[in-house]
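Report on the following structure.
The values are calculated or read from the model by the stated rules, or taken from the named source; none is laboratory data. Predicted, not measured: the structure shown is a model, and the values here were computed from it. Neighbour counts are summed over all protein chains in view; Cβ atoms, including those assigned to glycine, are modelled from backbone coordinates with ideal geometry.
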Amino acid sequence: MNYKKLLWRMTIALSVVLAASGNAQQSHQTRQTSKAAAKAPTYQAGLEPRAIDILKAASARLAAARTMSFTAVVSYESPSRLGPPLVYSTQSEVTMQRPDRLRIITLGDGPRSEFYYDGKTMTAFAPAEKLVAVADAPPTIDAALQLAYDSGAIYFPFTDVIVADPYKDIADGLTNAFYIGQSVVVGGTTTDMVAYVTGDVFVQIWIGTQDKLPRRIYAVYLNDRTRLRHVLELSNWDVDVTIPANAFDSADAAGAARIAFARPDATDAPGMKPPPKTRPSRTQ
């Protein structure tokens, strides 16, 4: 008997059996998937009442706070030369007292910066450079933040958390909202997860089930072809605690060199011009 031929025939037969079995299994799985897809409800874009209720409850909790402080860690993606995005992060310690007190101390990954608002003036301070910009400010936090952006290009990604009516900022462009479920891994507490689209931004937010405070906000700009991600982590919440009266000014800033409160690209702004060039004096 030719054992090589017999072994070859057995191998061919086994291959045919395995192929037939695999095709049958794949066909069965395809039928099962098709049935499941047929039974799955079609998603209807809109505003789910449960999602809206959670967003409104969180907004009401923030709006009702007389004072609050929290830590905000912002991570955002930026294109790299290799293609995949790089991630940069900043950390801010935020203290707020309604209606007209705000302090934001921002730490690395970049240079430290400090922002103070006391109801009359707003101050942007760069400790490392010992430079300070001071400008007259309107009587509310919302208006001061808007003016800081318009006149100095100063923007804080957690602005929606500290404005007077957080839900209004969401609702103005709200087109979709749905409830995802609960998580026990974000912020060391149980959170409700909600996704929504407002304007051109897709947002997923984690909100404390009990205290209604946001713990994480994930955002993607829909008009961004690269779909870069922005993540805001919120922790160390203290709400309605007593804040010292001197928390909203800085002695170090008072002694720093003054520059104009102006946008960085406003090269013709007073105080923002480079120093005149001088010829080196001749040595005697």
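The table that follows gives values for the structure above.
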read-out: Residue among D136, D142, D169 that alone is closer than 26 Å to K212 by Cβ and at pLDDT 95 or above; value: D142
read-out: Qualifying residue in the range 232-244 (condition: at pLDDT below 95, touching a strand residue (DSSP E or B) at 6+ places or on another chain (Cβ under 8 Å) and under 20 Å from P157 (Cα atoms)); value: no
read-out: Residues of the range 67-123 satisfying the condition of being charged (D, E, K, R), in contact with a helix residue (DSSP H, G or I) (Cβ under 9 Å, 6 or more places away or on another chain) and under 17 Å from D238 (Cα atoms); value: R98, R101, R103
read-out: All positions within the range 71-124 that are farther than 22 Å from V241 by Cβ, assigned to a loop (DSSP other than H, G, I, E, B) and of a type in the set (G, A, S); value: S80, G83, G108, G110
read-out: Some residue of the range 158-165 being touching an Asp or Glu at 6+ places or on another chain (Cβ under 6 Å) and either more than 24 Å from S89 (Cβ to Cβ) or not assigned by TED's automatic domain parsing to the domain that holds L86 (or both); value: yes
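Yes/no per residue for (1) over 30 Å from D192 (Cβ atoms); (2) surrounded by 17 or more Cβ atoms within 10 Å (Cβ to Cβ); (3) without any contact (Cβ under 8 Å) to a residue 24 or more places away in the chain:
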| residue | (1), (2), (3) |
| --- | --- |
| Q91 | no, no, yes |
| V94 | no, yes, no |
| E114 | yes, yes, no |
| M122 | yes, yes, no |
| F125 | yes, yes, no |
| D136 | yes, no, yes |
| F156 | no, yes, no |
